[in-house]
Every structure is written in C-alpha cells, then in structure tokens.
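Have a look at the structure below, then the notes.
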2 protein chains.
Amino acid sequence: MTSTPGAAASTALLTDHYELTMLQAALASGAAHRRSFFELFPRRLPAGRRYGVVAGVGRALDALESFRFGEAELAFLREERIVDEPTLAWLADYRFHGNVWGYPEGEIYFPYSPLMVVESTFAEAVVLETVLLSIYNHDSAIASAASRMTWAAGERPCIEMGARRTHEGAAVASARAAYVAGFTATSNLRARQKYGVPSTGTSAHSFTLLHDSETDAFRAQVASLGRGTTLLVDTYDIAEAVRLGVEVAGSELGAVRIDSGDLGVLAHEVRHQLDDLGAHDTRIIVTSDLDEFAIAGLASAPVDGYGVGTQLVVGSGHPTCGFVFKLVAREDDRGTLVGVAKKSTDKISIGGRKYALRRLSPQGVAEAEVVGIGSPAVNDGDDRPLLTPLVRDGEVVGREPLKAARARHLRSRDELPQVARQLSKGDPVIETVHER
Amino acid sequence: MTSTPGAAASTALLTDHYELTMLQAALASGAAHRRSFFELFPRRLPAGRRYGVVAGVGRALDALESFRFGEAELAFLREERIVDEPTLAWLADYRFHGNVWGYPEGEIYFPYSPLMVVESTFAEAVVLETVLLSIYNHDSAIASAASRMTWAAGERPCIEMGARRTHEGAAVASARAAYVAGFTATSNLRARQKYGVPSTGTSAHSFTLLHDSETDAFRAQVASLGRGTTLLVDTYDIAEAVRLGVEVAGSELGAVRIDSGDLGVLAHEVRHQLDDLGAHDTRIIVTSDLDEFAIAGLASAPVDGYGVGTQLVVGSGHPTCGFVFKLVAREDDRGTLVGVAKKSTDKISIGGRKYALRRLSPQGVAEAEVVGIGSPAVNDGDDRPLLTPLVRDGEVVGREPLKAARARHLRSRDELPQVARQLSKGDPVIETVHER
C-alpha cells in the first residue's frame, strides 16, 4: 500500500507466524485439505454505537489476489526456519481456489453480521486470517466513525485531513474508508492517486509565517492559486485577515479557513464580516479538532465545510472493530460438513455456514438483522439479502467502483430507524435475530 | 512499507495536497528558498500519561531518503493539475539537502520536547511535514503504550500479537515500535523480515477445531512442531487439555496458552496441574485482551509470558500522539534568522531553533526537561543532551540498529523518578523548563 523502498508486491507475509506453523502441522496430519468455512464477524458493536459500516472490501480483494509467496518470501521463511520444506513447497504454489461471499462495501452491519464467509480447504483459508482482519478491522472502524460525522454534517461537505495523525499507510486507507462513508474529499495525495478520492488543500500557517507579512502571504497565494483559493485566516488576527483576504482577492475569494478558537462564535463573526464586505459567496471552512459531536454542535453556525483530522483516523474513540475470523464448519473424514465452535464462557461462536438478510418493514425501514445457518427460509419480499459473491473458484468477482460503495452506504443508512442518527450512546438500532 | 501491488518505492505522495500548493505559491513569491527551521514536537502528553517514548526515527529516515518524485508521481500531479509546471520541475529534482537533529529512537519525551529539528529551505522541509508526522505520531503512540506494558510485566516477556486489529502496514510498524519499547517478539512475519523483530507463534483454536478431537490436534501439532511447542488449551476444557497436552508431549511440553476466562485464577490452577504432572518447566502464556493494567494485575499469578494484541496497536487508549510540525524560524530578506509563531489563544508555539537537555540529579535521576533557543548555557555535567544529528547536508547519519534503540529506552526509563512507573493517571513526571 504505502511505499517504503524494498516493499514487495506480495501481501503474503502480512501474516501471523502461527498461521504458517499450524499450516505445517495440518499439512503433516492431512487435515489441511478438509473443506472448511471460515467467517469474519463482529461479536458486538463498539460500546454505545448504534450501527457499524463495512469498509475495506475492495482492499481485501486486492490483498487476496496478491497473497503469493515469491522468491523473497520463501527465502525468508527458509532462512529463518519458520516452516519445513514440504510447507514451503505448498506455499510456493499457493493460490486461493475457493469461494468468498461478503457484505458489500458501504453496507451497514450489526453484531454477528457474517461480513465475510470463506469456503475453501482449511489450508487455503487459514493463512488469510491476519491480512483480512487487519483490513476489515481498520477500514470499518474509520468508516463507522466517518458515517456518524457525515450524517451529523447533513448537506455540508466533510473533508478528511487526518493523515498526519496515523500511520502513513493507514492514512491512505482512512481517506478511502471515509470517502465510502460520505466524506467528499481528502488531503491525502496518495489516496487520490491510488483510489481516485478527490483531494483538496491550499496552505498552512507556515506559509503565512514564512512571508514578512500576512499581506505578502495572501498576495503570493492568490497570485499563484487564484482568487478561488482558501485563505487560512487565524495566524494573527482573524478579523484583520478576513478584511485583508477580501482586499487581496476581492469578493471572488473562494473560502476562508478557521483552525482555532470557538468555531461557532467565529463563524458567525466572519460570516457577518464577509457579507459586510460583499463577499457573500466566500465560504467558511472550519478545521480544529472536530468530531461528530463538534460537527453537530456547529449545525446552526454559518459553516460551509468541515475538515476532520485526528478523530476520523482514530475512529472517534473506537480505532478498531474487534472483528474475528473463525472456523465455523469443516468436513470430517466421510466428507460430511460439521459445524464447529470453541466452548467458552465469555465468547459466543455459532458453527455453520451462514446467510444474512436485512428485514425491512413494508415502508422500507430496517427491523432486524436476520442471520441463519444454511439457506434462508421463504423470503416474504421485504428481506434484503446481504451476502454477495466476492470470489468464485479463486477469481475475484466482487470488485466495484468506490462510488458504488458510497451510494450503497447512503441507501443502507437511509433504511435505518431514525434513532440511528442520534449521536448519544445507545444499543444497536436493530436486533440481530438468529434463525435456526 | 506494506505490499499491495503497484506500490511505488517513493514516499513522496504520502503528503497533504496543501503542502504542494503552498510550495507552488512560495516558489512563485520567491520565499520558498528562505532558510528555515521546522520543529516536530508535542504540546502535551496524552491525558494522564507520565512520560512518552519516541519511536519511528529509523522509519522516518528511510522515508526521507525515499522522498523523491519519479515519473509516476510527476505524471499524476500533472494529469490531476495539482500544481503548475515550474513546481513540477522543482519536484522532479527534489532532494533534501538540509540538516536534521532529533531525539534518538527509544528516548523518553515530555511536553515541548523538540523531537526533531529540520534546517533547510522552506521548500525542502515543508513537503516532509505529513510523512514525518504520520510516522512519529503512530510509532511513538505504540511505543509509549508498549513501555508501560513492559514495565508492568517486569522480567516476564511481552509478545506483540495485534496485527489483526490494525491496518496491515501499521501492524508492521507497531511490532517494530513495541520491540523498541521492550517487547521481546511479535506474531507478525513481515516485521521479522523487514526489521528483524523476532517472531513467534504456534496454533489457533481453528487448528483444534479442524481435527476430529483435541487429541488428534495435539498429536498433529507435537509431531510437526516438536515437544517444545505451545499448546492452546482453552478450546474445550482447560484441565482436560492440560492433562492431554502432557500426555502427548510429556513433561518437555514447552508451554500452554490460555486465551479466555479469568486468567489469574486459571494460571494458578494450570500451574498446580502442570506441577502435579511433573511438567515443572512447561510455561504458561496468557493472551486475552491484555493491557498494562491487566498485566500488572497478573503480577502475582504464575504466568510466564503475556501476549498483547488490541490494546498495544491502539496505544492503550491513546492511538496517536498529537505531535505537530511547525515553522519556528526563517530568514528574512537580509538573511537574518527570525523566530516566528502563530498568535493563538489556545495553542502555544515558541519560535526559534531549540536545544534540549535532560537535567539529572547527582544520583542520575531525571529532574527536568530543559528546552531553550540557541545554544545551551554552561552544562554543569549533570545535563544530558538529547538532540543528536540525524541528517547532515542531506545525508542520513543517524541510522542505528533497532537493538540500540531498545537499550537506550531501558536506560532512559531507568533514569525517571520512581513514580513514572505508576499506571494511574498523573502529570508528566518531570517538568519541561523553557530557558531563554
């Protein structure tokens, strides 16, 4: 994803050591070739969240296609004696031949939603555990936070600016996930190059400080970037900077950005000043430590756009989703599929291959997440199937443009009961119903 | 860093859009070539933390060396009309020619510690802002959490297992940062390949569930991985699994792993059982949702090692550090260096090039973080200079083996007042003193 030199194209070592050692033991015992179903799912939503958003599907499909052990990976595993020669030989030919179904990107999820179902031999699926979980856990955490922000922002655009506050590769994935959940743009150039997320940006405080005066700085910026640019107005005195900005750029000044202080109060003051100066179309962008609560708090302020940084890339308090990847069924020696689950007092796993439906009222409002084993009972027409084919016989079939995921997210979110939009802590807005 | 196909070796687009637009405007105004000092620093520690740990230095130096605009990057910027042709021409020749000083990796930090000081033209430094902050903010957050965990664990090893709960590239960097802060190993194979962090792992619940019985699974694992392996004993019944494990592997069984339940109670029970079975050297590893508080709570339990996942990779509640990268001084037209700072009511910046010392008592205990502008006053012998050369005239000079950072971290942590080890919320253990 990111780009430190020497990076291999392979995703095969984004893997936990134990996956390869248990592969070795299972190859030796012969059990490795048993047909198996693995499921990627959440046991719960983050505390207080009313819904979650699936993201990372497209990235996971890319990672699955690139999961190959080339010379560099094999030499490393051999030199470090991670696994034995028969296992290395098997890995050298590794290719996923199985089937994957999943919730499509941008879809809403709830506790126990079977977000991904993988059918293959045990060996072919088990090695994918870490990289699939990494991608889903990260990207869905970001999208889940982003969705609350864009819902709070209403028609006003949200711009992702958090790259500097997270790992440089996570930053690119965060921009992508935020876009899926309704953000309109990112500050991150790599996200634009790699995923086509629109990018935006003009200048920082350092640009103003570099010049001998704010006048010099604004003149330089407008001369180079045009009158439609966004001037950062809080380096010295905001009122003076706004006056100066309109003096330099005229009423065609695109926008001013406020990055500190009481944003609600300042937005009102700046809007009055801009209007007094005749700059009625000059927009006001605010960008200081925003999260979904701050965005909601600014709903009545004359703000035209929100730049969101830290709280987006840390998932607004929930930086990971806690998805797990569990073996739920596998063949026995007679070829019969057997549901399996860990016995545990504090963790619930339900064995078997799943289906999943969103139960909708006649008015199209979500009423329940219906999860069952095997095939669904008769569909009364108001249940929307949630699992779609992602990989068929090893070939990726579930790729789609990012805009399709964006559109899906809005549709699925609009189906939720009104209470889903409340930012206060609450239970999942619909229950997960386990059908047997 | 990670390895999705099509990844470029260049780090140049791990950059915010606005850095290139302000570069364009500054190139046009001529101010881009003013000699400048930028500083990377924290305004505070995360709430309640008593110290922080610097990590990511080595990765930042790698990123700086790879910050080059090749054909792919330039074509993208041109096609998307991000910047104009003169700026593209300047970027095509981009190479950092300046000097960088910084806190070496593993060092402790406090509010306003000048973690990195960059001297170059404005243009050469400003474009590095995002990628440097991404690396420092992420890696230092992980190392700061990891240090509390390893301190709580005392002599017992901590193993990093969080890859699945964070972005796949962040996972590799997290393993590295945790190692800097005293972890002994990681589950992540890429971290071993790329950075030489020792890796470890044996099997998951799915391995036991794959087989027709726990007996079959344990026999398969011991046959393939040897008697010294670690058996996971909580898939069904722990006491039965421990009995079975010793039956299969004998008293040479390397370790058992417990991944659920009341770990303190279970560790005592399992230790008694192992001792009764004569397996006195079989170790007990615990791995369920641990953080520094849970580790400390298990101090009196017969535990031989801690596997830490989620809470390590999310920084145990503080997934980012909030470091900023600010222009603190730059030349004027006469070539005089001028300290600069944003005027702001809620953020303090102090202009000028910094020095930094850790003031030590005659007994070698840290007493203050001394930060000043220019050159330090006379050093009385008990002040330890903190800034070391990282880059000189564009050449990286600060690279070191990861083990040097590990050793430094332990030394610097041992200098702190005893109260630093307390996990409860508190103020920074030493004050930052600004000398003028």
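The values are calculated or read from the model by the stated rules, or taken from the named source; none is laboratory data. Source: prediction; values computed, not measured. Every residue, glycine as well, gets a Cβ built from its backbone with ideal geometry; the counts of neighbours run over all protein chains shown. Keep in mind that these areas ignore ligands, DNA and RNA; they rest on the heavy atoms of the full protein, side chains included. Shrake-Rupley method; radii C 1.70, N 1.55, O 1.52, S 1.80 Å.
Observations on the model:
- Some residue of the stretch B:190-208 being over 37 Å from the mean Cα position of the chain (by Cα) and open to solvent by less than 30 Å² (accessible area, probe 1.4 Å): no
- The single condition among (1) touching a residue at least 24 places away in the same chain (Cβ under 8 Å); (2) at the interface with another protein chain (Cβ under 7 Å from one of its Cβ atoms); (3) in contact with a Leu (Cβ under 7 Å, 6 or more places away or on another chain) that A:L210 does not meet is (1).
- Where helices (runs of 4 or more DSSP H) sit wholly within the stretch B:148-255, those with at least 3 residues that are more than 16 Å from A:S134 (Cβ to Cβ) and out of contact with any Ser or Thr (no Cβ under 9 Å at 6 or more places or on another chain) occupy B:238-249.
- Checking each residue in the stretch A:272-287 for being closer than 26 Å to A:G182 by Cβ, outside any loop (DSSP other than H, G, I, E, B) and open to solvent by 40 Å² or more (accessible area, probe 1.4 Å) picks out only A:R283.
- Any hit, the stretch B:174-183, residues being modelled with pLDDT of 95 or more and surrounded by fewer than 24 Cβ atoms within 10 Å (Cβ to Cβ): yes
- Test result for B:S260, part of a loop (DSSP other than H, G, I, E, B) and open to solvent by less than 30 Å² (accessible area, probe 1.4 Å): yes
- Failed item in (1) open to solvent by 10 Å² or more (accessible area, probe 1.4 Å); (2) without any contact (Cβ under 8 Å) to a residue 24 or more places away in the chain; (3) part of a helix (DSSP H, G or I); (4) more than 10 Å from chain B (Cβ to nearest Cβ), with A:Y18 passing the rest: (4)
- Scanning the stretch A:226-253 for residues that are open to solvent by less than 10 Å² (accessible area, probe 1.4 Å) and touching a Gly at 6+ places or on another chain (Cβ under 8 Å) yields A:T229, A:L231, A:V233, A:D234, A:L253.
- Residue count, the stretch A:25-76 (criterion: among the aliphatic types (A, V, I, L, M), without any contact (Cβ under 8 Å) to a residue 40 or more places away in the chain and away from every other protein chain (no Cβ under 11 Å)): 1
- Only residues that are open to solvent by 60 Å² or more (accessible area, probe 1.4 Å) and part of a helix (DSSP H, G or I) were counted across the stretch B:73-82, and they come to 2.
- Considering the stretch A:89-100, and only residues there that are in contact with a strand residue (DSSP E or B) (Cβ under 8 Å, 6 or more places away or on another chain) and surrounded by fewer than 24 Cβ atoms within 10 Å (Cβ to Cβ), the residue that is farthest from A:H33 (Cα to Cα) turns out to be A:N99.
- Pair list, Cβ < 8 Å and 6+ apart or interchain, from the stretch B:216-227 residues that are more than 8 Å from chain A (Cβ to nearest Cβ) to residues that are exposed (fewer than 15 other Cβ atoms within 10 Å of the Cβ): B:R227/B:G250; B:R227/B:E252
- Scope the stretch B:321-338; condition surrounded by fewer than 16 Cβ atoms within 10 Å (Cβ to Cβ) and within 10 Å of another protein chain (Cβ to nearest Cβ); matching residues: B:D332, B:D333, B:V338
- Test: residue in the stretch A:317-326 that is touching a residue at least 12 places away in the same chain (Cβ under 8 Å), in a helix (DSSP H, G or I) and closer than 30 Å to A:D139 by Cα: yes
- Of the strands (runs of 3 or more DSSP E) entirely within the stretch A:357-411, those holding at least 2 residues that are more than 18 Å from the chain's Cα centre (by Cα) and of a type in the set (D, E, K, R) occupy A:366-373, A:383-385.
- Some residue of the stretch B:288-305 being within 10 Å of chain A (Cβ to nearest Cβ), outside any strand (DSSP E or B) and within 30 Å of B:E168 (Cα to Cα): yes
- Verdict on B:A12 being under 30 Å from A:A9 (Cβ atoms), within 11 Å of chain A (Cβ to nearest Cβ), buried (at least 18 other Cβ atoms within 10 Å of the Cβ) and among the aliphatic types (A, V, I, L, M): yes
- Per-region count, the stretch B:35-72, residues touching a Ser or Thr at 6+ places or on another chain (Cβ under 8 Å), part of a strand (DSSP E or B) and open to solvent by less than 10 Å² (accessible area, probe 1.4 Å): 6
- Among the criteria (1) within 12 Å of chain B (Cβ to nearest Cβ); (2) not in a helix (DSSP H, G or I), the one A:H138 does not fulfil is (2).
- Looking across B:G426, B:G351, one residue alone is more than 25 Å from the chain's Cα centre (by Cα) and either at pLDDT below 95 or in a loop (DSSP other than H, G, I, E, B) (or both). It is B:G351.
- Among the conditions (1) under 27 Å from B:V54 (Cα atoms); (2) modelled with pLDDT of 95 or more, B:G278 misses just one, which is (1).
- For the stretch B:216-225, a tally of residues being open to solvent by 40 Å² or more (accessible area, probe 1.4 Å) and farther than 16 Å from B:S251 by Cα returns 1.
- The residues listed here are A:R148, A:R176, A:R156; of these, the one that is away from chain B (no Cβ under 13 Å), within 14 Å of the chain's Cα centre (by Cα) and among the basic types (K, R) is A:R148.
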